[in-house]
Amino acid sequence: MWLYAVWGCVGAAVNCGIIYVEATRRVKGWPWSKPHGPGGGPYAVSILVQLGIGAGAAAGIVDSGLIVTNVAASGLAFVIGTATPVVVKKVSQYVEALLPDEDDFAKKGHGDRDTMTEQPVPQGEMGLANRSRGDLESP
């Protein structure tokens, strides 16, 4: 199983290398530098996450018993490791597109108000709760 994880990690590293070349051409320099990129720390974490996703998916899929393990299984683990970060990115973009955004929130009549963190407006001595109790007690 660990061998498939290694091949998956190598495949994910190939994918990271392709992404690196594309980003370097796009920003005309280091893709992690501050004006165009997130900085060194987040860039390194993203690479580690992609390597982990590729290794875990390749080891899990190839070692699950769904695929007959033979010489081609290592090549398949490489391909799975290469493709998994791309597939995860596409699926996350699809899920993000399904979630409502701020425009949908404003269209429903909520405007810019955040009702979850909004503090109640004080009503003085006779607040709304006191008025409703007074109305119930009156004959």
Fill in the blank from the handout: So, with points 7 Å from each Cα along the Cβ direction, the Tyr94-Leu48 label distance in nm works out to 3.0 nm
Exercise for the section: Rounded to the nearest 0.05, what FRET efficiency do Val21 and Ala83 give with R0 = 22 Å and r taken as the Cβ-Cβ distance? Could you check? Expected result: 0.80
Practice task
Considering Cα pairs under 8 angstrom that are at least six residues apart, work out the relative contact order of the range 1-62 and quote it in whole percent.
Solution key: 61 percent
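The numbers here are math on the coordinates, done by the rules we state, and not lab data. Note that the coordinates shown come from a computational prediction; the quantities given were computed from them, not determined experimentally. In this analysis, Cβ positions are derived from the backbone assuming ideal geometry, glycine residues included, and neighbour counts consider all displayed protein chains.
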